[in-house]
Each structure stands twice: as C-alpha cells, then as structure tokens.
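Okay, so here's the structure we're looking at.
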Amino acid sequence: MAGIKEEKKIYLVGIYCRLSKDDGTDNESASIATQKSILTDYVKKQGWHIAKTYVDDGYSGTNFQRPSFQNMIKDIESGLINCVITKDLSRLGRNYLDCGLYLEVFFPEHNVRYIAVNDGVDTLNKSAMDITPFRNILNEMYAADISVKIKSAYRARFQQGKFMGTTAPYGYIKDPADHNHLLIDDKVAHVVKEIFDLALKGNGVAKICRHLNKQHILRPAAYAAERGETGFERHFEGNEDKRYIWSGNSVRSILRSPIYAGNLVGYKRIAANMKSKKRPSKLPEEWEVIPNTHEGIVTQEEFDIVQQLITSRRLPQNKGGFVNIFAGVIKCVDCGCALRAMNVHRRKRPEIIDCVQYSCNNYARNGRSECSAHNIEARDLFNAVLADINCFADMAVNDEKAVRAIEKRLTETDQSRAKALEKERKKLNKRLAELDRLFSSLYEDKVMERITERNFEMMSGKYQKEQLEIEARLKEVTETLNESYEKSRGIRDFLALIRNYQGLKELDATVINALIDKILVSEREKMADGTVKQEIKIYYKFIGFVDELHIIPTKRWAAMPAKNCTVCGVEYVPGSGASRYCSACAKKIRREKSNESKRRSREQKRIACMNCPQKMTD
C-alpha cells in the first residue's frame with residue numbers, strides 16, 4: 001500500500017470475521033467462509049503467521065459485546081496477537097464512536113496493527129487513516145438504515161394484526177397453524193375471567209391477589225415454566241411456595257392489557273434509538289392497539305368498565321390534598337415494602353404536611369404478624385432529606401477535601417480489590433496464552449507421532465478443562481472490575497449532578513427522582529436516656545448509600561399554643577385542641593368522674609337487686 005513504510009516484522013495475526021442477519025445471509029461475498037478465505041490468502045502472501053481465527057456469526061456490528069470479539073481483545077491484552085485483519089471496516093463494527101476508540105486508542109496503546117483488506121485501511125498508513133472516520137460514519141449510517149427497515153417491517157406486520165411476541169401472554173397459546181395468531185388457553189382462561197369478574201365487583205388488586213393465593217393457583221411465570229418455556233424457572237429456585245403467590249403487578253398487568261378483550265397491543269416500551277438500551281414504559285393510554293385480532297376472554301364492555309374502575313383509584317394526592325413526592329422511593333428497612341402516606345386524625349394544622357405521617361404498607365395490611373408500623377412524620381422526613389441534599393451540594397461546591405474523603409471511603413475497598421483483580425486477570429490471560437501454545441505443541445507432537453493418541457487425549461482433556469475454568473474465572477473478574485470502575489465514575493457523576501441543587505429551599509418529586517433511588521426507614525427506638533430516635537438511609541443515584549441519618553421524631557403536641565387551665569388557671573401546653581385542663585387537674589377530674597361512675601353503678605345494682613322478683617316473693 002502506498003504511504004506505508006516497508007517493515008520486515010513478522011506479525012502474529014488474528015483474523016476476525018463477523019456476519020449478522022442484517023448483513024444478509026444470501027450474500028456470498030460477505031459469508032464467513034468467504035471472509036476466512038480472503039483473509040487467509042492475504043496473510044499467506046505477506047508471509048505472516050495466523051495465531052488465531054475469531055468468528056462472530058449472527059451478531060450485529062452495533063454491538064461490541066460479541067463473544068469472539070471480546071476474546072480477541074483479551075488475547076491482545078495478553079500479547080497473543082499483535083495484528084488484527086478484517087475483510088472490511090464494517091466487519092469490525094458499525095458504531096463509529098466505538099470503532100474510532102479501538103482504531104485510535106486501544107490498538108495503538110497495545111502496539112497492534114489493524115488492516116481492513118478491501119477498504120485499504122492500515123493503521124501504519126497515516127494518510128489512509130485520515131478518511132477512516134468517515135468510513136465508520138457511513139458504516140453506522142448503514143446500520144441505522146437497516147434498523148429503520150427492520151422496525152418498519154415489524155410495524156407493518158403489527159398493523160396487520162400479527163402477534164410478534166416470543167411467548168403467548170397468560171391465558172393464550174400460539175396457534176399451531178399460525179404462530180402469529182393467538183388462541184384461548186382453556187386451562188387458565190377461567191382464571192383470567194375470574195380476575196376481571198372480581199375487579200368488576202369493585203375488588204382492588206390486593207384483594208384479588210389474596211383470593212388467588214387462597215385458591216392455590218399457579219402464578220403466570222410458574223405456569224409458563226410448567227409449560228416448558230425457558231427463563232422462568234429461576235424465579236422459584238429454593239422456594240416452591242412462590243409458584244402460588246401472585247403479585248400485584250401480575251394482576252394489574254392482566255387487568256390493563258387489551259389482549260384479553262381480543263385486541264393486539266404493542267409499542268408499550270420503545271427505545272429512543274438503535275444505540276440506546278433503555279426502553280422507558282409508556283402509560284396505558286399511549287399504547288398502540290389493533291382491535292379484533294383474536295378471540296377475547298372478556299368482552300370489550302367489561303374491559304372498558306375495569307379500566308374506568310382502575311383509573312378512578314389513581315390518587316395523585318391523598319384525601320387531604322397532600323402531594324406524596326416520595327411515592328415509590330420510601331421503603332421499610334425490615335420488610336422492603338413501601339411506606340404509604342396517611343392522614344393522622346389531629347386537630348387543625350396550618351399546613352397539611354403536619355397532618356400526615358408515613359407508615360409501612362405491609363403492617364397496615366397484615367398487622368404485627370408481618371411487620372411493625374415504622375411511622376415517620378412527613379415533616380421530619382422532608383426536613384431530613386432536604387438538609388442532607390443541601391449538605392452534599394455545599395460539600396460538592398465548597399469543600400474539596402471532604403469530597404475526596406467521601407470518594408476515598410466509598411472506593412477504598414474497591415480500589416484495593418481492583419488492583420488484586422487486575423493482577424489476577426493478567427496472570428489468567430498469561431496462562432491462557434501458555435495453554436494455547438501448549439495445545440499447538442501437543443498437536444504437533446501427535447502429528448509427528450512423538451506421543452500416542454491416548455496420551456494426546458489425556459493431556460488435551462486436562463488442558464481444555466483448565467482453559468474452561470480460567471475463562472469462567474476471567475469472566476467473573478472482568479465483571480467485578482467493571483462494577484468497580486462504574487462506581488468510581490458514578491461518584492464523579494453524582495457530585496456533578498448535586499452541585500446544581502445548592503441552596504435548595506423546597507423539595508418536589510422532580511428533585512427526589514433526579515437524586516434518590518430509595519429511602520429506607522427504620523422503626524423508632526427508645527434510647528437509654530429516654531429520648532426517641534429514628535434512622536433513615538438515603539440511597540443516592542450513582543453512589544448508593546453514604547451515611548445513615550438519625551432524627552429525633554417531632555412531638556406533635558408541642559406544636560399547640562399554651563393555654564390556661566379552666567380549673568386552676570395555670571398555663572400549660574395542651575395535647576389537643578379540645579383540652580381544657582392542665583395535667584394535674586385532668587387527673588383529679590378523671591378520678592372524680594371515675595368515682596362518680598362507680599357510685600352510680602353500685603346504686604343501680606342496689607336498686608335492681610331490691611326490685612328483683614325473687615326477693616319480693618321471699
């Protein structure tokens with residue numbers, strides 16, 4: 001190639017071949033066999049040695065987590081290969097950002113030469129590399145175009161009323177004659193019908209769950225596992241009772257799904273683009289529905305009535321007008337259930353927040369047999385969370401030393417462990433390279449008849465077993481290291497985010513959802529000195545739990561203004577708006593009323609006894 005300085009270096013080459021469904025299996029020029037042939041001939045002409053061949057068949061170029069590609073990266077890091085060759089640049093990948101990262105950063109850092117034969121790309125040819133970024137962009141545009149075409153094809157089939165799911169929803173089976181059509185599953189259709197009937201009678205999701213649990217009916221995932229569908233059995237390992245415990249989400253998803261009224265539903269979760277892995281959920285009213293595609297288990301009228309009943313249960317705020325900004329975030333530390341906001345029957349308060357407390361939902365439903373109250377005043381929770389956010393925001397802006405101390409504390413263990421794991425990973429990669437060389441030498445000995453077939457089988461089996469063990473351990477080590485690196489990056493992301501909230505005066509749901517993953521509330525605890533304390537743990541985005549907060553629960557009676565006792569005139573702080581006596585007078589009056597009540601009771605018994613007919617006859 002022009003512009004390349006001639007080198008006599010002999011390269012250890014890794015040839016990489018990739019083919020996805022998007023590339024078209026009918027195109028012989030792009031087939032795996034064709035790629036191998038082209039690349040093998042090229043390497044032979046150069047007089048180099050093929051160290052290893054890597055093949056990813058059926059993997060998209062936009063995804064760089066391909067098995068063989070990742071194995072090639074490991075071999076580069078361990079020094080097994082120092083040259084990578086592909087048929088063209090698109091075989092390496094179709095994401096121009098990731099391709100650029102490998103071409104301009106990873107390969108040069110590891111002294112690896114990269115060649116794309118048909119595109120004339122060679123990392124030793126600086127002039128040819130100038131146009132390579134534009135090739136990457138064109139490759140990604142091709143992938144984007146294919147993505148649009150595939151999505152259009154799926155949408156067209158959806159518009160025709162064809163069911164495109166991998167498995168049929170609970171209550172249905174796929175038609176053996178047409179897998180894009182649904183038939184009612186007579187074995188469990190009556191369960192779906194019963195769920196809708198209970199909802200039509202005004203029963204909520206929780207009551208329906210309890211009814212199904214009492215009847216010992218297999219939940220949808222357990223029923224799918226029983227039918228032989230894969231991916232569901234893991235939910236019940238170690239606890240067979242879970243097979244018969246229905247969750248609120250299972251019942252709610254059945255009641256919400258237009259499938260059961262005979263309508264096809266889709267596009268409930270859509271990724272923003274082909275690069276994004278996130279698929280945010282849409283509200284039911286935003287789903288796309290194709291009517292009358294199959295036989296319904298319930299009528300459309302029944303389904304519509306149930307939707308109205310469910311919608312009427314939505315409570316964006318409680319009956320007193322309190323907006324629960326912690327909905328979905330605040331949890332019980334002991335049972336993990338949500339804490340619900342509830343009105344407390346108190347005298348009038350200037351603000352509704354002072355009439356609300358949070359309590360464990362599990363305790364409210366099932367009593368002390370399941371959990372305890374975990375009550376926390378809404379005002380106390382608001383104040384504690386607001387103060388903690390402001391503390392971190394001020395620290396992120398003004399106290400670099402404190403920031404470094406927190407970062408060190410959160411990552412110190414991870415960093416020391418990461419160093420040990422990184423050392424172990426290098427050792428494992430080195431051993432894998434040694435095993436590859438041993439395999440090559442062993443095979444040569446067998447061909448040259450320096451060892452017997454029996455010895456070859458014995459030694460190769462031993463090496464292969466060790467290889468599998470090392471590869472499994474390497475996977476564990478790599479995943480752990482990735483988690484450690486993500487945590488370090490997460491701390492920086494969190495500090496950059498929370499700086500924007502310095503001087504925050506009010507909390508709302510937007511702030512809470514932007515900064516916090518969850519809040520765990522413990523039960524109130526009485527200390528040795530008689531004071532009562534309560535612990536809450538805030539798990540922030542990116543970094544998780546940092547420090548627990550110890551709060552002193554507010555004594556609500558102390559908020560009432562002082563008044564004078566109507567008996568003795570002494571000033572005191574009342575416990576309620578109806579209070580008229582100080583504590584001493586209240587005790588005295590209660591005692592007098594009790595004595596008076598007892599006296600009246602004795603008098604009534606005496607009169608009744610005197611008027612007794614038996615005594616009168618005597």
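The values are calculated or read from the model by the stated rules, or taken from the named source; none is laboratory data. Everything numeric here is computed off the predicted structure, so don't read it as measured data. All Cβ positions, even for glycine, are placed from backbone atoms using ideal geometry, and neighbour counts span all protein chains on display.
Of all the listed residues (125, 71), the sole one being among the polar types (S, T, N, Q) and in contact (Cβ under 8 Å) with a residue 60 or more places away in the chain is 125.
Just one residue in the set 116, 143, 128, 156 is over 20 Å from residue 18 (Cα atoms) and either buried (at least 18 other Cβ atoms within 10 Å of the Cβ) or at pLDDT 80 or above (or both); that residue is 128. For the range 103-127, a residue qualifies if it is in contact with a helix residue (DSSP H, G or I) (Cβ under 7 Å, 6 or more places away or on another chain) and either among the aromatic types (Phe, Trp, Tyr) or not in a helix (DSSP H, G or I) (or both), and the qualifying residues are 110, 112, 114, 116, 117, 119, 120, 121, 122, 123.
Among the residues that make up the range 526-540, is at least one of them farther than 30 Å from residue 328 by Cα and either touching a strand residue (DSSP E or B) at 6+ places or on another chain (Cβ under 9 Å) or surrounded by 11 or more Cβ atoms within 10 Å (Cβ to Cβ) (or both)?
Looking only at the range 526-540, we keep the residues that are farther than 30 Å from residue 328 by Cα, and these are 527-531.
Next cut, either touching a strand residue (DSSP E or B) at 6+ places or on another chain (Cβ under 9 Å) or surrounded by 11 or more Cβ atoms within 10 Å (Cβ to Cβ) (or both) only: 527.
Yes, some residue in the range 526-540 is farther than 30 Å from residue 328 by Cα and either touching a strand residue (DSSP E or B) at 6+ places or on another chain (Cβ under 9 Å) or surrounded by 11 or more Cβ atoms within 10 Å (Cβ to Cβ) (or both).
Counting only residues that are of a type in the set (A, V, I, L, M, F, W, C) and within 47 Å of the chain's Cα centre (by Cα), which one in the range 443-461 is farthest from residue 478 (Cα to Cα)? Out of the qualifying residues, it is 458.
Checked against (1) touching a Cys at 6+ places or on another chain (Cβ under 8 Å); (2) at pLDDT below 80, residue 520 meets all criteria but (2).
Whenever a residue of the range 363-379 is assigned by TED's automatic domain parsing to the domain that holds residue 520, its partners that are part of a helix (DSSP H, G or I) and of a type in the set (D, E, K, R), lying with C-beta atoms within less than 9 angstrom and at least six residues away or across chains, give the pairs 377/354; 377/556; 378/354; 379/354. Name every residue in the range 27-47 that is crowded, with 17+ Cβ neighbours inside 10 Å, free of Cβ contacts under 8 Å to residues at least 60 places away in the same chain and over 41 Å from the mean Cα position of the chain (by Cα), in order of residue number. Passing the criteria: only 43. For first residues located in the range 580-594 and closer than 14 Å to residue 565 by Cβ, partners that are at pLDDT below 85 and lie 6+ apart or on another chain with Cβ distances below 7 Å form the pairs 582/572; 583/572. In the range 263-305, of all residues being assigned to a strand (DSSP E or B) and more than 30 Å from residue 98 (Cα to Cα), the one that is modelled with the highest pLDDT corresponds to 264. Within the range 39-72, the set of residues being among the small types (Gly, Ala, Ser) and more than 18 Å from residue 9 (Cα to Cα) comprises 58, 60, 61, 68. The number of residues in the range 65-81 being surrounded by 18 or more Cβ atoms within 10 Å (Cβ to Cβ), touching a helix residue (DSSP H, G or I) at 6+ places or on another chain (Cβ under 8 Å) and assigned to a loop (DSSP other than H, G, I, E, B) comes to 2. Taking the range 553-585 as the search range and keeping residues that are exposed (fewer than 12 other Cβ atoms within 10 Å of the Cβ), out of contact with any helix residue (DSSP H, G or I) (no Cβ under 8 Å at 6 or more places or on another chain) and at pLDDT below 85, which one is farthest from residue 532 (Cα to Cα)? The qualifying residue farthest from residue 532 (Cα to Cα) is 578.
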